[in-house]
Amino acid sequence: MVMHGLAMNLPWLAFVNISFAVMILLRHVLLNASDPLYPHLPHMMKMVDASMLGIIILSAALILMGWRRIAGISVVLCICSAIWSISCFWFITDLLLPHVWPLCVILLLAGLTALYFYPVGLLAFVLPLWITLPIASWVLNDGLNLHFVIIWSVFSLILICGRFILLSWFDEAWRRNQQNQLLISRLDALAHQDPLTTTANRRKMEVVLENAVEQKKPFSLIMLDIDYFKRYNDTYGHQAGDDCLTRVARVLKQSVRTPDDVVSRYGGEEFVVILFNCPENIAEKVAVRIQDGLRAESIPHSASSVSDRVTVSMGIAGMVEGLAGTEIIARADAALYRAKEAGRDRWSL
């Protein structure tokens with residue numbers, strides 16, 4: 001969040017720095033060169049020009065560092081502020097330029113607005129300027145100026161209070177962002193998860209399958225159907241049927257090999273299991289584990305014609321390059337049909 005804020009705010013702070021630096025570089029164009037406030041001091045003016053060019057280069061570097069998330073932003077901010085501080089001190093004490101005071105105030109406010117959420121960078125940019133102005137006032141007035149002390153104290157209080165107000169807004173925005181991310185994750189789970197079995201739903205499975213086909217990731221697919229599930233519902237009731245689906249889904253999750261494998265509810269009593277980097281002969285071993293897991297779960301099914309316990313029939317299809325996801329599903333469905341025709345409680349390729 002902080003790095004994102006810097007990427008957004010540093011270009012604006014850099015724009016403020018560059019704008020003032022360009023104005024100073026073009027002072028002879030923007031202002032009257034014969035003005036007594038601008039005496040001809042060629043050596044000092046060359047140093048000022050070099051300093052302003054340095055600020056422009058450092059400001060451009062800040063933009064790049066914010067976008068690329070390069071370390072050292074606070075160091076560059078401190079160097080940039082130090083250049084401003086030395087230049088402004090000279091402008092105030094030697095050239096007696098009155099409009100340098102508002103320039104410094106604007107730079108301080110710009111730094112506060114852009115860096116309030118980044119305390120290290122804020123101190124690096126604000127502190128040199130904040131210290132320079134009282135020192136310049138002391139030198140200019142040959143001692144302590146009570147009016148300046150009062151004004152500077154009030155301004156410092158404004159900076160401190162303003163930072164806390166801005167920070168409270170930042171914290172509120174961060175909390176809302178976290179709440180929104182949590183809400184998005186919950187909505188994503190609802191959109192891609194079967195609420196009964198907590199497996200992936202058909203929509204999620206189809207997305208995963210199409211992505212695998214597009215990326216040419218090798219996989220095998222098992223489509224399975226609970227044998228005589230309608231009879232199960234008629235015998236034990238729909239609530240027991242829901243519990244049966246949940247228990248079967250749990251067995252499937254325990255039978256896959258890796259977290260990358262996807263177990264999904266395809267519809268009704270049908271499930272689809274996608275096994276990545278898995279040839280068909282290994283998929284057959286997973287089918288055996290599913291059968292063993294269901295025997296261990298031992299869900300009663302007195303209405304079944306193949307067993308007194310819940311069983312499944314399975315169709316296995318491997319990825320074939322050039323076939324779409326729907327075609328691979330169709331091949332697995334055809335294999336499932338063959339398993340049912342052969343007597344159920346088995347798998348077929």
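The values are calculated or read from the model by the stated rules, or taken from the named source; none is laboratory data. Bear in mind that the values here come from a model prediction, so they are computed numbers and not experimental data. Backbone-built Cβ (ideal geometry, glycine too); neighbour counts: all protein chains shown. When the accessible area is computed, the model is the full protein with side chains, heavy atoms only, and any ligands, DNA or RNA have been set aside. Shrake-Rupley method; radii C 1.70, N 1.55, O 1.52, S 1.80 Å.
Within the stretch 109-124, restricting attention to residues that are crowded, with 21+ Cβ neighbours inside 10 Å and either without any contact (Cβ under 8 Å) to a residue 60 or more places away in the chain or of a type in the set (Val, Ile, Thr) (or both), the residue that is farthest from Leu13 (Cα to Cα) is Ala124. Scanning the stretch 172-197 for residues that are part of a loop (DSSP other than H, G, I, E, B) and not charged (D, E, K, R) gives Pro195, Leu196, Thr197. Applying the criterion of being more than 16 Å from Val16 (Cα to Cα) and touching a helix residue (DSSP H, G or I) at 6+ places or on another chain (Cβ under 7 Å) to the residues of the stretch 125-134, the residue that is least open to solvent (accessible area, probe 1.4 Å) is Leu133. Restricting attention to the stretch 232-260, the residues that are charged (D, E, K, R) and under 21 Å from Trp347 (Cα atoms) add up to 4. Only one of the numbered conditions (1) without any contact (Cβ under 8 Å) to a residue 40 or more places away in the chain; (2) closer than 30 Å to Trp174 by Cα; (3) assigned to a helix (DSSP H, G or I) is not met by Trp138, and that is (2). Applying a threshold of 9 Å to beta carbon distances and a minimum spacing of six or more residues, or different chains, the list of pairs starting in the stretch 162-190 at a residue that is closer than 16 Å to Leu115 by Cβ and of a type outside the set (Ser, Thr, Tyr) and ending at one that is at pLDDT below 85 and in a helix (DSSP H, G or I) reads Phe170/Gly5. Just so you know, in the stretch 312-325 the residues that are in contact (Cβ under 8 Å) with a residue 40 or more places away in the chain and out of contact with any strand residue (DSSP E or B) (no Cβ under 7 Å at 6 or more places or on another chain) include one that is most open to solvent (accessible area, probe 1.4 Å), and it is Glu321. Using the structure shown, decide if Ile329 is surrounded by fewer than 22 Cβ atoms within 10 Å (Cβ to Cβ), at pLDDT 90 or above and out of contact with any helix residue (DSSP H, G or I) (no Cβ under 6 Å at 6 or more places or on another chain). So Ile329 fits the description; yes.
Val213 meets all of the listed conditions (1) open to solvent by 10 Å² or more (accessible area, probe 1.4 Å); (2) without any contact (Cβ under 8 Å) to a residue 60 or more places away in the chain but one, namely (2).
Reported count of residues in the stretch 35-66, each being of a type outside the set (Ser, Thr, Tyr) and either touching a Lys or Arg at 6+ places or on another chain (Cβ under 6 Å) or at pLDDT below 90 (or both), is 15. If you go through the stretch 86-106 and keep only what is closer than 21 Å to Met47 by Cβ and either at pLDDT 95 or above or open to solvent by 70 Å² or more (accessible area, probe 1.4 Å) (or both), you end up with Ile86, Asp94, Leu96, His99. When you look at Ile222, is it β-branched (Val, Ile, Thr), modelled with pLDDT of 90 or more and open to solvent by 80 Å² or more (accessible area, probe 1.4 Å), yes or no? Spelling it out, it is not the case that Ile222 is β-branched (Val, Ile, Thr), modelled with pLDDT of 90 or more and open to solvent by 80 Å² or more (accessible area, probe 1.4 Å). Residues satisfying the criterion are present in the stretch 198-209 (criterion: modelled with pLDDT under 90 and outside any helix (DSSP H, G or I)).
Conditions tested, residue by residue: (1) open to solvent by less than 30 Å² (accessible area, probe 1.4 Å); (2) touching a helix residue (DSSP H, G or I) at 6+ places or on another chain (Cβ under 6 Å).
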position	(1), (2)
Lys217	no, no
Phe229	yes, no
Asp234	no, no
Gln239	no, no
Val248	yes, no
Val251	yes, yes
Ser255	yes, yes
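Only a single item in (1) in contact (Cβ under 8 Å) with a residue 12 or more places away in the chain; (2) polar (S, T, N, Q); (3) assigned to a helix (DSSP H, G or I) is not met by Asn233, and it is number (1). Arg309 falls short on exactly one of the conditions (1) among the basic types (Lys, Arg); (2) out of contact with any Pro (no Cβ under 7 Å at 6 or more places or on another chain); (3) surrounded by fewer than 18 Cβ atoms within 10 Å (Cβ to Cβ); (4) more than 18 Å from Ser220 (Cβ to Cβ), and that condition is (2). Only one entry of Arg295, Arg289 meets the criterion of being out of contact with any strand residue (DSSP E or B) (no Cβ under 9 Å at 6 or more places or on another chain) and among the charged types (D, E, K, R), and that entry is Arg289. Restrict the check to the stretch 197-209 and report whether at least one residue is within 30 Å of Trp101 (Cα to Cα), open to solvent by less than 70 Å² (accessible area, probe 1.4 Å) and among the hydroxyl-bearing types (Ser, Thr, Tyr). The answer is no, given that none of the residues of the stretch 197-209 is within 30 Å of Trp101 (Cα to Cα), open to solvent by less than 70 Å² (accessible area, probe 1.4 Å) and among the hydroxyl-bearing types (Ser, Thr, Tyr).
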